[in-house]
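One structure is given below, encoded as C-alpha cells.
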Amino acid sequence: MTLAELALTGDLARPARLTVPDLFAWPQHRVRVSFECATSGTQHHRFAGPLLYDVLSDAGPGFDPVRRKDRLRFLIAVNGMDGHHALLSWAEIDPDFARAPVLLAVSIDDSPLDRHGPQLVLPQDRCGGRHISGINGIRVDGRYRCATETSAV
Ligand SMILES: Nc1nc2c(c(=O)[nH]1)N[C@H]1C(S)=C(S)[C@@H](COP(=O)(O)O)O[C@H]1N2
Ligand SMILES: [Mo]
C-alpha cells in the first residue's frame, strides 16, 4: 500500500516527513463536525487524529516559547495535493490565544486516511472550505510583517 506523506517545512527546528500512521504518535482526539458547502450543502462527519498544535509544537517552531508576543507573527500554510490551500495563524490554535481544537485527521467516519493523506478539521468553522483533505504540506512561517511596519521593531 502506498502511504501518503506530509512534509512539515518552514521556520522549524525539526522539519519532518510524516505518514498517517506516524500521526498516531500523538494523543488522539475524536470530533463530530457539521459544515456547509456552497455547492454540496451541509456535511456531517466524524474525524479522529492528533491536534495540529501538538504535531507542530514538536517540530520546534522558531519562536521563543516564553515570549507570547513572539508567536503572533507566525502563520501556518496548509496545502492539499490537489493545490487547495488555506492559511491559519499560530495564535488560532495556540492554547494561550484562540485555542481552536484543530485536528490533523487520520480517519474520516472510521475510514483510515493512510493512502489519501490527513485532513484538516476545524470544528469552529461554519464553512467546509478549510477542511483540506489529502494534505501533503504544512509550512510554518514567522517572517510576515505589515508592509508599513518600520524595521526598527
Ligand atoms: N484537498 C481539498 N480539500 C478540500 C477541498 C478541495 O477542493 N480540495 N474543498 C473543500 C470544501 S469547499 C469543502 S465544502 C469540504 C467538503 O468537501 P466534500 O463535499 O467533498 O466533503 O472539503 C474541503 N476540502
Ligand atoms: Mo465547499
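Per-structure values
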read-out: Selection within the stretch 1-55 - out of contact with any Ser or Thr (no Cβ under 8 Å at 6 or more places or on another chain) and hydroxyl-bearing (Ser, Thr, Tyr); value: Thr2, Thr9, Thr19, Thr39, Ser40, Tyr53
read-out: Filter result for Thr2 (of a type in the set (Val, Ile, Thr), assigned to a loop (DSSP other than H, G, I, E, B), out of contact with any helix residue (DSSP H, G or I) (no Cβ under 9 Å at 6 or more places or on another chain) and within 17 Å of Asp114 (Cα to Cα)); value: yes
read-out: Conditions (1) within 16 Å of ligand 2 (Cβ to nearest atom); (2) free of Cβ contacts under 8 Å to residues at least 24 places away in the same chain; (3) not hydroxyl-bearing (Ser, Thr, Tyr); number of the one not met by Gly80; value: (2)
read-out: When residues of the stretch 105-139 are limited to those that are in a strand (DSSP E or B) and within 10 Å of the chain's Cα centre (by Cα), the one farthest from Arg30 (Cα to Cα); value: Arg139
read-out: Strands (runs of 3 or more DSSP E) lying entirely in the stretch 10-82 (those with 1 or more residues that are touching a strand residue (DSSP E or B) at 6+ places or on another chain (Cβ under 8 Å), open to solvent by 50 Å² or more (accessible area, probe 1.4 Å) and more than 15 Å from Ile138 (Cβ to Cβ)); value: 29-37, 41-49
read-out: Residue among Leu72, Leu12, Leu23, Leu3 that alone is within 16 Å of Leu103 (Cα to Cα) and either within 16 Å of ligand 1 (Cβ to nearest atom) or not hydroxyl-bearing (Ser, Thr, Tyr) (or both); value: Leu23
read-out: Residue within the stretch 118-134 that is of a type in the set (D, E, K, R), away from ligand 2 (no atom under 16 Å from the Cβ) and open to solvent by 10 Å² or more (accessible area, probe 1.4 Å) present; value: no
read-out: Contacts under 7 angstrom Cβ, first residue in the stretch 32-50 being closer than 11 Å to Arg126 by Cα, partner open to solvent by less than 80 Å² (accessible area, probe 1.4 Å) and charged (D, E, K, R), 6 or more apart; value: Phe35/Asp125
read-out: Residue selected from the stretch 135-150 under the condition open to solvent by less than 20 Å² (accessible area, probe 1.4 Å) and away from ligand 1 (no atom under 16 Å from the Cβ), by the criterion farthest from Asn79 (Cα to Cα); value: Gly142
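The values are calculated or read from the model by the stated rules, or taken from the named source; none is laboratory data. Just so we're clear, the structure is a prediction, and the values are computed from it rather than from any experiment. Cβ: placed from backbone, ideal geometry, glycine included. Neighbour counts: every protein chain shown. Calculation scope for accessible area: heavy atoms of the full protein, side chains included, ligands and nucleic acids excluded. Shrake-Rupley method; radii C 1.70, N 1.55, O 1.52, S 1.80 Å.
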